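To start, the structure under review is shown below, and the notes come after it.
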Amino acid sequence: MCIHQLNLLAASSNTLPLGALLGKQHPIEARHFSCICDIMEKAMVNGDTCIIRCILVVFQVVFKFFNPQSEQNRESVRRSGLLLWQLLMAPMDQIGAEIQKEVCLAISSGLNTLYQGEAELNKLLKLVLTEGERNSGLSQLRDVILTNLADQLQKNRFGSEEEDYYRLNDELLHCILKTVVRESCLVITKCQTVARDDFQKLLSTVPVVSPCLRYLMAVQNHLLSNTILIRPDDSDDSDNSIQGETMKVQELQCSILSLATKILVGCDEVLETLQQVTTALINSEIVDRETRLKGLEQVTKATMLGHLLPVLLTSLMHPNLQTLTLADALMPQLVQLVLYTSQTALVLKTQSPLFTEEPPPMGGSLGLGAKACAAEDKSTMRMFTDIRILDEREEPGFLTGLKIPAPWAAGKTVETVHPVRDNYKFKETVHIPGARCLYLRFDSRCSSQYDYDKLVIYAGPNTNSRKVTEYGGNTLGYGSRSVLGTGWPKDLVKVEGDTVTFSFEMRSGREHNTPDKAMWGFSCTVRAQESSEDVSGGLPFLADLALGLSVLACSMLRILYNGPEVTREEEACQVLLCSKLLQRCQWQVEANGAISPALTPSPSPLPLTIEEDREFTYPSDVLIPPPGLMPGTYFDLPRIRLPPGIMGRLREVSGRARPQFRPSINIIVV
């Protein structure tokens with residue numbers, strides 16, 4: 001298939017000579033494209049599969065350089081689309097798997113040409129996503145399109161022109177997520193339903209990422225990487241640049257919130273299925289029950305729980321995503337996921353020999369009565385298995401008895417090149433935060449040509465720190481034939497503090513008879529404890545997932561407890577907020593949408609400036625309307641000061657406290 005190789009080269013990078021050459025060619029003319037459609041139509045009528053395959057590959061190349069702008073070109077494109085769709089919907093036994101695959105590749109390569117506009121493309125994608133499970137051709141087309149979109153999305157940054165094309169809308173993402181959830185639940189259910197041989201085949205094929213899951217991974221990684229790796233432009237510190245970066249981060253956070261909510265809801269459904277399958281396997285009488293329970297963890301890693309959730313949990317701990325909005329929206333789903341994962345991890349952990357193995361017989365041979373008692377004990381144990389599993393007094397938590405990995409316990413290895421060369425210099429500092437002291441273990445092959453080709457160790461961040469010790473030379477009979485002090489250490493070397501600095505310098509020139517082993521240099525492992533822990537293993541997958549969810553939930557709870565961050569306006573007004581004058585004011589409060597004075601009295605008694613206790617006699621002419629006023633019209637009345645008894649009664653009925661003011665405002669009020 002020479003033309004197929006041509007297509008692959010054309011699809012390659014433009015840096016390749018052939019790809020660049022094809023990219024400079026003029027668009028194919030409409031009459032030539034129409035001739036290709038004629039050949040395809042005739043081959044379909046005659047059933048010539050060889051020509052059909054060749055023309056399908058030709059379509060894959062031509063669609064990359066065809067311009068469907070003119071009316072004649074659009075008609076040719078419509079005709080080619082109908083031919084491709086007719087082949088796609090044909091039964092598999094008529095066209096074969098190879099032709100169906102080439103049809104899907106042709107449609108995928110010509111998406112921009114065959115489907116002009118976002119509406120037509122979304123209509124096609126919705127069709128293949130909703131009807132893909134019922135038709136093999138649509139299912140394969142869906143997989144090819146999503147695989148290509150995932151590859152292209154990883155190459156584009158957020159906000160680019162191509163991103164809107166490769167990132168599907170929320171409705172299509174929801175359809176893809178439903179497919180992923182269905183696939184995940186199906187593969188977990190197979191651990192219980194399939195036969196023993198089929199289960200072994202399943203274990204040998206996972207984890208395999210489906211195209212739908214691969215596209216969701218690409219979308220998630222695209223959003224999270226752009227949010228976490230976003231960096232302000234150091235050369236442009238203007239307000240417009242800062243405002244643009246802030247808006248970009250906010251837009252990314254909104255997109256991540258929408259996607260994360262969908263993923264967590266989907267994981268909730270998958271975990272519910274996992275819990276049901278786990279419980280069913282525990283209560284079943286399947287011969288290979290233990291094997292299936294162990295394989296269940298491996299199968300779970302192949303679902304969205306293994307490919308989407310760990311990356312999302314880790315990324316949500318980044319400061320750019322530790323926001324009040326995300327915490328408030330995601331907290332309910334996180335709590336539910338913590339419950340599901342911890343319960344399932346606890347149930348799986350309790351399926352250990354301590355709970356499942358039967359006690360050995362006390363004597364050699366059992367009589368009939370002993371056998372009956374053993375059978376009764378066995379049935380009793382089975383009956384109370386679930387109770388013992390869920391008994392919190394026997395199982396305080398899913399982490400009980402598990403050793404949490406400590407990657408820092410493996411230590412850090414510091415070493416020179418082997419062998420060292422002339423005029424070689426080496427300096428490195430190791431810092432382990434929180435360590436009270438550091439323990440150094442040297443390799444047994446450590447050596448240098450002369451004793452002044454030495455390593456000096458300092459207890460601190462640089463060579464100006466306190467000098468601990470120094471080593472150099474060799475005992476192999478070359479060079480100086482001596483070593484500094486007692487030679488390179490065979491036991492642990494203890495350095496006080498959490499930082500150590502190594503400084504090595506090769507001062508002598510290599511002699512012609514000095515072998516490599518006499519100039520090996522040094523290698524040292526730095527640890528924060530005397531004995532090295534086994535850090536090769538890790539937590540079981542579900543226990544690790546439950547622990548990660550718990551840590552994220554605690555982080556989100558801290559954000560909710562602290563509330564919104566202090567704004568710039570609050571920082572600018574901090575002096576005013578500390579003012580004694582404002583603290584003694586009677587502030588207005590909002591109740592049921594209405595603003596009213598506060599009902600509680602001021603904490604410090606202030607003298608009244610409105611003399612309500614003084615009796616007041618109103619003149620007889622105070623309520624007489626002004627002369628010349630027409631009947632039925634309104635006029636402003638003077639301020640009426642009511643007696644103290646009436647004012648007190650009105651305040652009791654209305655529930656409003658009388659205003660209190662500082663003495664300095666007395667002049668203004670009165």
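The values are calculated or read from the model by the stated rules, or taken from the named source; none is laboratory data. What you are looking at is a predicted structure, and each value in this text was computed from that prediction instead of being measured. Positions of Cβ are generated from backbone atoms using ideal geometry, with glycine treated the same way; all protein chains shown enter the neighbour counts.
Given the criteria acidic (Asp, Glu) and within 18 Å of residue 523 (Cα to Cα), does residue 498 qualify?
no
Look at the stretch 436-455 and say how many of its residues are assigned to a loop (DSSP other than H, G, I, E, B) and surrounded by 19 or more Cβ atoms within 10 Å (Cβ to Cβ).
The qualifying residues number 6.
Any chance the stretch 251-267 includes a residue that's over 22 Å from residue 331 (Cα atoms) and either of a type in the set (Phe, Trp, Tyr) or modelled with pLDDT under 90 (or both)?
no
Just give me the residues in the stretch 79-113 being aliphatic (A, V, I, L, M), part of a helix (DSSP H, G or I), more than 41 Å from the chain's Cα centre (by Cα) and surrounded by fewer than 18 Cβ atoms within 10 Å (Cβ to Cβ), in sequence order.
82
Only one of 117, 137 is of a type outside the set (Asp, Glu) and crowded, with 17+ Cβ neighbours inside 10 Å; which?
Answer to the check: 137.
Quickly run through the stretch 476-506 and pick out the residues that are part of a loop (DSSP other than H, G, I, E, B), under 51 Å from the mean Cα position of the chain (by Cα) and without any contact (Cβ under 8 Å) to a residue 60 or more places away in the chain.
Correct list: 487, 488, 489, 490, 491, 492.
For the stretch 480-521, which residues satisfy the criterion of being of a type in the set (Lys, Arg) and within 21 Å of residue 423 (Cβ to Cβ)?
Matches in the stretch 480-521: 507, 510, 517.
Taking the stretch 262-295 as the search range and keeping residues that are assigned to a loop (DSSP other than H, G, I, E, B) and not aliphatic (A, V, I, L, M), which one is farthest from residue 186 (Cα to Cα)?
By that ranking, first place goes to 285.
Among the residues in the stretch 479-500, are any modelled with pLDDT of 85 or more, touching a Gly at 6+ places or on another chain (Cβ under 7 Å) and hydroxyl-bearing (Ser, Thr, Tyr)?
yes
Residue 295 - would you say it is more than 17 Å from the chain's Cα centre (by Cα), at pLDDT 85 or above and either closer than 29 Å to residue 565 by Cβ or of a type outside the set (D, E, K, R) (or both)?
Yes.
Considering only the stretch 81-134, state which residues are basic (Lys, Arg) and either within 19 Å of residue 51 (Cα to Cα) or in contact with a His (Cβ under 8 Å, 6 or more places away or on another chain) (or both).
101
Consider the stretch 301-328. How many of its residues are among the β-branched types (Val, Ile, Thr), in a helix (DSSP H, G or I) and more than 14 Å from residue 264 (Cβ to Cβ)?
Result for the stretch 301-328: 2.
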